[in-house]
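For reference, the structure is listed below as C-alpha coordinates.
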Amino acid sequence: MSATHTSVLTHELPRPVPQDELDACPVSTLFRRLGDRWSMLLIILLGQRTHRYNELHRAIDGISQRMLTRTLRILETDGLVRRTVHPTNPPSVEYDLTDLGRSLLVPVSALADWAVAHQNPSGTCGT
(Lines give C-alpha, C1' and ligand atoms only; values in the text may rest on other atoms or scores of the structure.)
Protein backbone atom coordinates (compact mmCIF):
# COMPACT_ATOMS: atom_id res chain seq x y z
CA MET A 1 0.00 0.00 0.00
CA SER A 2 1.44 3.37 -0.93
CA ALA A 3 1.75 6.28 1.46
CA THR A 4 -1.12 8.05 -0.28
CA HIS A 5 -3.49 5.24 0.69
CA THR A 6 -2.46 4.94 4.34
CA SER A 7 -3.77 8.40 5.24
CA VAL A 8 -7.29 6.93 5.41
CA LEU A 9 -6.29 4.44 8.10
CA THR A 10 -6.66 5.69 11.66
CA HIS A 11 -4.81 2.90 13.47
CA GLU A 12 -1.06 2.42 13.12
CA LEU A 13 -0.04 -1.23 12.90
CA PRO A 14 2.96 -2.45 14.91
CA ARG A 15 5.83 -4.01 12.95
CA PRO A 16 5.73 -6.98 12.90
CA VAL A 17 2.03 -7.47 13.64
CA PRO A 18 1.76 -9.91 16.60
CA GLN A 19 -0.46 -12.92 15.88
CA ASP A 20 -2.49 -12.44 19.08
CA GLU A 21 -3.27 -8.85 18.08
CA LEU A 22 -4.30 -9.98 14.60
CA ASP A 23 -6.57 -12.66 16.09
CA ALA A 24 -8.19 -10.14 18.48
CA CYS A 25 -8.54 -7.36 15.90
CA PRO A 26 -12.20 -6.47 15.20
CA VAL A 27 -11.37 -5.86 11.53
CA SER A 28 -9.85 -9.34 11.18
CA THR A 29 -12.86 -10.83 12.94
CA LEU A 30 -15.25 -9.03 10.58
CA PHE A 31 -13.35 -10.13 7.45
CA ARG A 32 -13.21 -13.73 8.68
CA ARG A 33 -16.97 -13.69 9.26
CA LEU A 34 -17.97 -11.98 6.03
CA GLY A 35 -15.24 -13.59 3.95
CA ASP A 36 -16.87 -17.00 3.98
CA ARG A 37 -18.77 -18.14 0.94
CA TRP A 38 -22.34 -17.32 2.04
CA SER A 39 -22.49 -14.63 4.75
CA MET A 40 -22.10 -11.59 2.52
CA LEU A 41 -24.69 -12.89 0.07
CA LEU A 42 -27.19 -13.52 2.88
CA ILE A 43 -26.64 -10.03 4.28
CA ILE A 44 -27.24 -8.50 0.86
CA LEU A 45 -30.40 -10.57 0.26
CA LEU A 46 -31.77 -9.77 3.71
CA GLY A 47 -30.91 -6.10 3.13
CA GLN A 48 -33.46 -6.09 0.32
CA ARG A 49 -36.33 -7.45 2.42
CA THR A 50 -37.38 -10.07 4.97
CA HIS A 51 -37.16 -13.65 3.68
CA ARG A 52 -38.51 -16.99 4.77
CA TYR A 53 -36.01 -19.83 5.05
CA ASN A 54 -37.13 -21.60 1.86
CA GLU A 55 -37.02 -18.33 -0.10
CA LEU A 56 -33.39 -17.91 0.90
CA HIS A 57 -32.63 -21.51 0.01
CA ARG A 58 -34.16 -21.11 -3.44
CA ALA A 59 -32.45 -17.75 -3.98
CA ILE A 60 -28.93 -19.11 -3.48
CA ASP A 61 -27.87 -21.70 -6.00
CA GLY A 62 -25.58 -24.34 -4.51
CA ILE A 63 -26.09 -23.74 -0.79
CA SER A 64 -27.08 -26.78 1.22
CA GLN A 65 -29.79 -26.62 3.88
CA ARG A 66 -27.17 -27.44 6.49
CA MET A 67 -24.88 -24.58 5.41
CA LEU A 68 -27.76 -22.11 5.13
CA THR A 69 -28.92 -22.99 8.64
CA ARG A 70 -25.38 -22.80 10.02
CA THR A 71 -24.64 -19.43 8.39
CA LEU A 72 -27.95 -17.91 9.50
CA ARG A 73 -27.32 -19.08 13.08
CA ILE A 74 -23.83 -17.56 13.11
CA LEU A 75 -25.13 -14.25 11.73
CA GLU A 76 -27.91 -14.33 14.33
CA THR A 77 -25.40 -15.00 17.13
CA ASP A 78 -23.30 -12.08 15.85
CA GLY A 79 -26.37 -9.83 16.12
CA LEU A 80 -26.61 -9.15 12.37
CA VAL A 81 -29.70 -11.25 11.58
CA ARG A 82 -32.99 -11.61 13.45
CA ARG A 83 -34.99 -14.84 13.34
CA THR A 84 -38.72 -14.49 13.94
CA VAL A 85 -40.97 -17.50 14.47
CA HIS A 86 -44.66 -16.89 13.78
CA PRO A 87 -47.10 -19.11 15.69
CA THR A 88 -48.83 -20.66 12.70
CA ASN A 89 -49.43 -24.30 11.91
CA PRO A 90 -46.82 -25.24 10.78
CA PRO A 91 -44.65 -22.51 12.31
CA SER A 92 -43.44 -19.87 9.86
CA VAL A 93 -39.89 -18.55 10.28
CA GLU A 94 -38.65 -15.29 8.80
CA TYR A 95 -35.19 -13.71 8.72
CA ASP A 96 -34.29 -10.05 8.45
CA LEU A 97 -31.40 -7.79 9.33
CA THR A 98 -31.10 -6.17 12.72
CA ASP A 99 -30.18 -2.48 12.96
CA LEU A 100 -26.56 -3.60 13.34
CA GLY A 101 -26.87 -5.72 10.19
CA ARG A 102 -28.43 -2.82 8.28
CA SER A 103 -25.57 -0.56 9.34
CA LEU A 104 -23.21 -2.98 7.57
CA LEU A 105 -24.92 -2.43 4.20
CA VAL A 106 -23.23 0.95 3.57
CA PRO A 107 -19.61 -0.25 3.89
CA VAL A 108 -20.46 -3.52 2.09
CA SER A 109 -21.96 -1.50 -0.76
CA ALA A 110 -18.83 0.67 -0.92
CA LEU A 111 -16.63 -2.44 -1.14
CA ALA A 112 -18.86 -3.90 -3.85
CA ASP A 113 -18.72 -0.64 -5.82
CA TRP A 114 -14.92 -0.63 -5.52
CA ALA A 115 -14.66 -4.25 -6.71
CA VAL A 116 -16.85 -3.60 -9.75
CA ALA A 117 -15.01 -0.39 -10.64
CA HIS A 118 -11.61 -2.13 -10.45
CA GLN A 119 -12.51 -5.38 -12.16
CA ASN A 120 -10.34 -6.03 -15.19
CA PRO A 121 -11.45 -7.92 -18.30
CA SER A 122 -10.30 -11.26 -16.88
CA GLY A 123 -12.84 -10.90 -14.05
CA THR A 124 -10.34 -10.27 -11.23
CA CYS A 125 -9.62 -7.08 -9.33
CA GLY A 126 -6.63 -5.01 -10.31
CA THR A 127 -5.33 -3.03 -13.21
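Taken as Cα centroids, the stretch 69-127 and the stretch 22-45 sit 10 Å apart, rounded to the nearest whole angstrom.
Express the C-alpha Rg of the stretch 27-108 as a ratio against the empirical globular expectation 2.2 N^0.38 Å, rounded to two decimals.
Values: Rg = 12.4 Å, N = 82, 2.2 N^0.38 = 11.7 Å.
Cα-based Rg divided by the globular estimate yields 1.06.
How far is helix 105-117 tilted, in degrees, relative to the longest principal axis of the Cα atoms in the chain, given as a value from 0 to 90 rounded to the nearest 10? Relative to the chain, helix 105-117 is tipped by roughly 60 degrees. Close amide H pairs (under 5 Å, H built 1.01 Å from N) link R82 with D96, L97, T98, residues at least 5 positions away or on another chain.
Here is how the number arises for the chain: DSSP H runs of 4 or more residues each give -39500 (n - 2.57), the sum is divided by the residue count, and the result at 222 nm is -14500 deg cm²/dmol.
Round to the nearest 10 and give me the degree value, 0 to 90, for the angle of helix 39-48's Cα axis relative to the longest principal axis of the chain. Result, in degrees: 60.
Per residue, the stretch 52-118 exposes an accessible area of 67 Å² to a 1.4 Å probe, with every protein chain left in place.
Distance between the modelled labels on N89 and D23, one decimal in nanometres: 5.2 nm (7 Å Cα→Cβ projection).
The values are calculated or read from the model by the stated rules, or taken from the named source; none is laboratory data. This one's a predicted model, so the numbers in the text were calculated from it and none came from an experiment. Cβ atoms come from the backbone with ideal geometry, glycine included; neighbour counts cover every protein chain shown. When the accessible area is computed, the model is the full protein with side chains, heavy atoms only, and any ligands, DNA or RNA have been set aside. Shrake-Rupley method; radii C 1.70, N 1.55, O 1.52, S 1.80 Å.
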